[in-house]
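Trainee: Provided herewith is a single structure, encoded as structure tokens, for subsequent inquiry.
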Amino acid sequence: MVYQVVRLGHPALRQKAAPVNLSAVKEKKFQKLIDDMIATMRDYQGVGIAAPQIGLSAAIFCVEVKANRRYPDMPGIPVYTVINPKLTLTDASEVRMMEGCLSLPDLRGETPRARAVRLEGFDRFGQPLDFNAKGFHARILQHEYDHLQGRVYLDRVKNRKSICYTDHL
Ligand SMILES: [Zn+2]
């Protein structure tokens, strides 16, 4: 099932997402939710999706970069899911790149992000995750983690004149 991605203005995008009770991962409906989040991300050609983007206050996001039309030049990242993440900046030096979001369709803005991060959390089966990421992968993680804090990339854009529609890129 493909969800409808909610747009900026929906209250779920501005709330801190509730932590997931890890005993829920054993339930069929939880695994279906993850499958459906991934199906939605793929349908919308996203490189990530966070539960608040389907209107659900839960600390879950999915990531995948695969022959992506929206970001054609980026290296592939096999699909994975993160539950209850903790994100730490391991190299806070600023990288700026035009960034977009499925909840702000067709818009892009130059968004500063840290160069490298460490992510700790749990996968869709409740197994612990702990890894480092840099570059575009680190950017996706910061973007999705922000969604779980009620933030969107526009909140981080410093050069507001960079904000534009994709057909003007
Ligand atoms: Zn987003």
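The values are calculated or read from the model by the stated rules, or taken from the named source; none is laboratory data. Remember, it's a predicted structure, so these values are computed and weren't measured experimentally. Cβ sites come from the backbone with ideal geometry, for glycine too, and all protein chains shown count toward neighbours. All accessible areas refer to the heavy atoms of the entire protein, side chains included, with ligands and DNA or RNA removed. Shrake-Rupley method; radii C 1.70, N 1.55, O 1.52, S 1.80 Å.
Trainee: Dipole of the chain (Lys/Arg Cβ +1, Asp/Glu Cβ -1, origin at the Cα centre): which of P75, L33, H10 lies farthest to the positive side?
Mentor: Value: H10.
Trainee: For a Förster distance of 22 Å, can you work out the FRET efficiency between the beta-carbons of I163 and R96, rounded to the nearest 0.05?
Mentor: Efficiency, rounded to the nearest 0.05: 0.95.
Trainee: Under a 1.4 angstrom probe, counting protein chains only, how are D91, D167, D43 ranked by accessible area, largest first?
Mentor: Working: D91 55, D167 125, D43 100 Å².
These residues rank, largest area first, as D167, D43, D91.
Trainee: While we're on this one: What does the accessible area per residue of region 11-168 come to in Å², with a 1.4 Å probe and no ligands, DNA or RNA counted?
Mentor: Heavy-atom SASA per residue in region 11-168 reads 50 Å².
Trainee: If DNA, RNA and ligands are ignored and the probe is 1.4 Å, what is the ranking of H147, H10, H168 by accessible area, most exposed first?
Mentor: Values: H147 0, H10 65, H168 145 Å².
These residues rank, largest area first, as H168, H10, H147.
Trainee: Using a probe of 1.4 angstrom, how much of the accessible area of the chain is carbon and sulfur, in percent?
Mentor: Of the solvent-accessible surface of the chain, carbon and sulfur hold 53 percent.
Trainee: Calculate log10 I(q)/I(0) of region 11-168 for q = 0.09, 0.11, 0.13, 0.19 Å⁻¹, where I(q) comes from the Debye formula with a single equal point scatterer on each Cα and nothing for solvent.
Mentor: Here the Debye-derived log intensity ratios amount to -0.27, -0.40, -0.57, -1.28.
Trainee: Same structure, new question: Using a 1.4 Å probe, how large is the accessible area of C164, given in Å² and rounded to the nearest 10?
Mentor: Per-residue accessible area (C164): approximately 30 Å².
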